[in-house]
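To keep things clear, I will list the structure first and then write my remarks on it.
Since every read-out is calculated from the coordinates, none of them should be taken as a lab result. Keep in mind the model is a prediction, meaning the values are calculated, not measured. Neighbour counts run over all protein chains shown; Cβ positions are idealised from the backbone, glycine included.
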Amino acid sequence: MAIGSTMHTFDVQLADTDRGVYEDFSLRAARHPSETDTYLLTRVLAYGLEHAEGIAFGGTVSSTEEPAVLVRDLTGRITAWIEVGAPDAERLHHATRLAERVVVYTHRDPAKVMAPWADKRIHRAEDIRVFSFDPGFIESAVPLLERRNTMTMTITEQVLYLDLNGTSLMTGVHEHTLS
């Protein structure tokens, strides 16, 4: 018998002063057995950092049809394709043809994530944004994860102040481009 997903809930208070987004919301994130806690936390942070009307978690970790997080407009068209981790160039090429905005949030070294994309054909590669966190940030937050989580995310001047289950952490949110 296959092992099922583990459900994690997050009660989030978001104050993104950089974008003027202030929301309280609850998330239910299913962690697939092949998904690491590091990936799960990065996916949840990407959701918060990109929070907008129409945002939702995409398909499973191995889904080729949808990204980890996506934003749809009222017609159902994908307006933002948000990948987590280290997607391949072909996936990014596909994404830029479907969505106005393509973003990657990575918990890995961004130079190593972007290196395999060099010399690959990626539609609108110059428009893709890659975001990373300070080294060690995700690894220090992962042990704080529980099945039920309270999270406060405050973003100001590209610095994320995170309170996860009563422990406060801070990181820069670093933007990288492919050009």
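Report yes if some residue within the stretch 83-101 is touching a residue at least 40 places away in the same chain (Cβ under 8 Å), surrounded by fewer than 18 Cβ atoms within 10 Å (Cβ to Cβ) and in a helix (DSSP H, G or I); otherwise report no. No; the residues of the stretch 83-101 include none that is touching a residue at least 40 places away in the same chain (Cβ under 8 Å), surrounded by fewer than 18 Cβ atoms within 10 Å (Cβ to Cβ) and in a helix (DSSP H, G or I).
Restricting 128, 122 to residues that are more than 17 Å from residue 50 (Cβ to Cβ), of a type in the set (Val, Ile, Thr) and buried (at least 19 other Cβ atoms within 10 Å of the Cβ) narrows the list to 122. For the stretch 3-45, taking the residues that are of a type outside the set (Ser, Thr, Tyr) and touching a Pro at 6+ places or on another chain (Cβ under 8 Å), the one that is nearest to residue 55 (Cα to Cα) is identified as 4. Candidates 126, 139, 175: the one that is among the acidic types (Asp, Glu), assigned to a helix (DSSP H, G or I) and within 28 Å of residue 20 (Cβ to Cβ) is 126.
All of 43, 108 fail the test of being assigned to a loop (DSSP other than H, G, I, E, B) and either touching a residue at least 12 places away in the same chain (Cβ under 8 Å) or among the charged types (D, E, K, R) (or both), apart from 108. The residue of the stretch 11-28 that is farthest from the chain's Cα centre (by Cα), among those that are closer than 17 Å to residue 41 by Cβ and surrounded by fewer than 13 Cβ atoms within 10 Å (Cβ to Cβ), is 26.
Looking across the stretch 30-54, the residues that are surrounded by fewer than 19 Cβ atoms within 10 Å (Cβ to Cβ), farther than 20 Å from residue 140 by Cα and not hydroxyl-bearing (Ser, Thr, Tyr) come down to 30, 32, 33, 52, 53, 54. Within the span defined as the stretch 73-80, one or more residues are over 18 Å from residue 14 (Cβ atoms) and of a type in the set (A, V, I, L, M, F, W, C).
Only one entry of 115, 141, 89 meets the criterion of being touching a strand residue (DSSP E or B) at 6+ places or on another chain (Cβ under 6 Å) and not hydroxyl-bearing (Ser, Thr, Tyr), and that entry is 141. Among the residues of the stretch 43-99, those identified as touching a helix residue (DSSP H, G or I) at 6+ places or on another chain (Cβ under 9 Å) and β-branched (Val, Ile, Thr) are 55, 61, 64, 69, 78, 82, 84, 96.
Would you say residue 74 is of a type outside the set (D, E, K, R), outside any helix (DSSP H, G or I) and surrounded by fewer than 17 Cβ atoms within 10 Å (Cβ to Cβ)? So residue 74 passes the test.
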